[in-house]
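The values are calculated or read from the model by the stated rules, or taken from the named source; none is laboratory data. These figures come from a predicted structure and were not determined experimentally. As a convention, Cβ positions derive from the backbone with ideal geometry for all residues, glycine included, and neighbour counts pool all protein chains shown.
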Amino acid sequence: MTTPVPDRGPRALVRRPSPRLAEGLVTHIDRSDVDPDLALQQWHAYVDALTAAGYEVLEAEEAPDLPDGVFIEDTMVVAGDLAVITAMQAPARAPEVDTAREAARAAGLTLVELVDAPLPPDVTGPVHLDGGDVLKVGHTAYVGVGGRTTPAGAAALAHHLAGAGYPVRTVPVARTLHLKSQVTALPDGTVVGWPPLVDDPGYWERATGFLEVPEEEGAHVIVLGEDTVLVSDAAPRTVELLVARGLSVVTVPTSEIAKLEGCVTCLSVRLHPWD
C-alpha cells in the first residue's frame, strides 16, 4: 500500500481560471454568461479559504488557452502518494493533463498514466476517466460511469488503485456531468446529495448512509478536517443542516463556476496526510 509523505500537512493543487473561461464546456445545463473577472475573484476567495484552513496551496502552470483548465480535479486521481493521470474523453480538455502532470510531479507524487501503463487484457474498449467522477469515501473509490467516464476507464483505475489499497465500486451516472456533481461525502463518510440530481439515493443509503440536502449546491462538500467542511455560499440551508450535525462550515462564492457545471470539489486536488 502506498503511503503519504510523512510530516506533511494537507496540500492542494490548483490552477487559476483562464481568461477564456466563458468558453468552457457545458453538457447538462443551458449556457449562460460567465464573468471572467468575477470568476477570478471567486477563485482567489477559494484559495484563501484553503490557506486559512491550513492547506499549502500549490499552483499549476497557467493554461490561458484551455477554458476548462481551472477544473484541475479532472486531471488526476490521488491515493496516498500515487497520482493516476486521467484520460479525458472531451478532446478540448485532453491537453489539461500536461501541466497538471508536472504539478503532481513537483508535489512529490508518484505518477502513473491511466492509459499508457500496461493494463490487464480484460480492460477493453475506450479508456476515458475524469477525476470528477471519482468519490473517495474512506479507502473506497466510487467511480461514476456513463458520462465522461467509460467502463474501461473505471476498470483501468481499479487496476492502478489496487496496489494503493483502494477498491473501486462503479456507479451509473446519467443525470449530471460527473458523479461528484451529484454527491460528495462528509468527514464521517456519510454521502450527501440533492435528490433531484442523484440517480439512485437508495444505493448510497445502503453503501454509506445518505443525507438529503435542501439545495443543489449543498451537495458539493470538501472535507477540510475531521470536523470542518467547505461548501458554496449558495447553500445557506445546507450550512444550517451541517452545523446542526456538529460540523464547522466554511463558505465561498461559486456563482461563475456553477455556470459551467463546476463546484468547489473540481477546483482543486486535495492531498491529505490521512488518505
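Worth a mention:
- For the stretch 114-140, the set of residues classified as touching a Ser or Thr at 6+ places or on another chain (Cβ under 9 Å) and in a strand (DSSP E or B) consists of Leu129, Val134, Leu135, Val137, Thr140, listed by residue number.
- Matching entry among Thr184, Thr176 (being within 16 Å of the chain's Cα centre (by Cα) and in a loop (DSSP other than H, G, I, E, B)): Thr176
- Flag for Ala104 being in contact (Cβ under 8 Å) with a residue 24 or more places away in the chain, part of a helix (DSSP H, G or I), within 30 Å of Pro151 (Cβ to Cβ) and within 16 Å of the chain's Cα centre (by Cα): yes
- Filter pass, Ala156 being closer than 21 Å to Asp116 by Cα, crowded, with 19+ Cβ neighbours inside 10 Å and modelled with pLDDT of 95 or more: yes
- Every listed requirement among (1) under 20 Å from Ile257 (Cα atoms); (2) surrounded by 21 or more Cβ atoms within 10 Å (Cβ to Cβ); (3) touching a Leu at 6+ places or on another chain (Cβ under 6 Å) is met by Arg175 save one, (2).
- Being farther than 15 Å from Asp74 by Cβ, assigned to a strand (DSSP E or B) and either in contact with a strand residue (DSSP E or B) (Cβ under 8 Å, 6 or more places away or on another chain) or among the polar types (S, T, N, Q) (or both) is a property that does not hold for Val143.
- Every residue from the stretch 197-238 that is in a loop (DSSP other than H, G, I, E, B) and in contact with a Phe, Trp or Tyr (Cβ under 6 Å, 6 or more places away or on another chain): Val213
- Looking at Pro196, Pro236, Pro214, just one residue is in contact with a helix residue (DSSP H, G or I) (Cβ under 7 Å, 6 or more places away or on another chain), surrounded by fewer than 19 Cβ atoms within 10 Å (Cβ to Cβ) and at pLDDT 95 or above, and that residue is Pro214.
- For His28: the one exception among (1) in contact (Cβ under 8 Å) with a residue 60 or more places away in the chain; (2) farther than 24 Å from Lys136 by Cα; (3) not acidic (Asp, Glu): (2)
- Any hit, the stretch 239-253, residues being in contact (Cβ under 8 Å) with a residue 12 or more places away in the chain, crowded, with 24+ Cβ neighbours inside 10 Å and either not acidic (Asp, Glu) or not in a helix (DSSP H, G or I) (or both): no
- Residues located in the stretch 97-153, provided they are surrounded by 16 or more Cβ atoms within 10 Å (Cβ to Cβ) and of a type in the set (Lys, Arg): Arg101, Lys136, Arg148
- Members of the stretch 262-275 found to be under 18 Å from Thr176 (Cα atoms) and either among the small types (Gly, Ala, Ser) or modelled with pLDDT under 95 (or both), listed by number: Gly262
- Residue ranges of strands (runs of 3 or more DSSP E) in the stretch 1-95 with at least 1 members within 28 Å of Trp274 (Cβ to Cβ) and of a type in the set (Gly, Ala, Ser): 11-14, 76-79, 82-85
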